[in-house]
1. Give the peptides 42-50, 74-82 in descending order of average Cβ contacts within 10 Å, highest first.
2. Mind ranking 64-70, 87-93 by how tightly packed they are, going by the mean number of other C-beta atoms within 10 angstrom, highest first?
3. List the lysines whose alpha-carbon lies under 24 Å from that of K23, not counting same-chain residues fewer than 8 positions away?
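Values quoted throughout were computed directly from the atomic coordinates according to the rules given, and no laboratory measurement underlies them. Here the structure is a predicted model, which means the values were calculated and not measured. Note: ideal-geometry Cβ built from the backbone for every residue, glycine included; neighbour counts use all protein chains shown.
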Amino acid sequence: MSTVEVLWKDRRRRLGLPLSFTKYRLTEDRIFCETGLLNTHEEEILLYRVRDLELRRSLGQRIFGVGSVIIHSSDTTMPTLELKSVKNSRDVKELLYRQVEECKNQRRMRTTELVGEDAYQDADGQDFMDP
C-alpha cells in the first residue's frame, strides 16, 4: 500500500482555533474535505479540474488570522468547495495555485475559455473534451 504525501492539512477553525470536525488535506494531485465525527464523509477534487480560486476574508476572519479559499472546478459532484476559516489562507491559496498548474502541466493540459467549459488543449494545441 502506497502512502500519499500530504502537502498541507488543516481544520475549519472557530475563533481562530481548530475546534471542528471538518478536515482539509492537499496532496500532489487532489484536495480532500472530510466532515463528521462518528459518521464521516469525504469529498475530493482532482486538481487538474480546478478552474478558479478565490480568497475571502471577512473582518472577523482577519482578526483571528484565518480566511476562506473557494475552489471552483469542473467536477460534477462538487463544482465548488469552500475551505472555510483556514489558517494562512493567502498562503494556502498560492500553494493550491502552484499545485493546480503543476497538475495541468503534467497532464499537458491548458484551459481555454474561448472553446467552452469542458474543453482543453493539449501541448500541441489540439482541442479535446474533459472526460
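1. 42-50, 74-82
2. 64-70, 87-93
3. K9, K84, K87, K93
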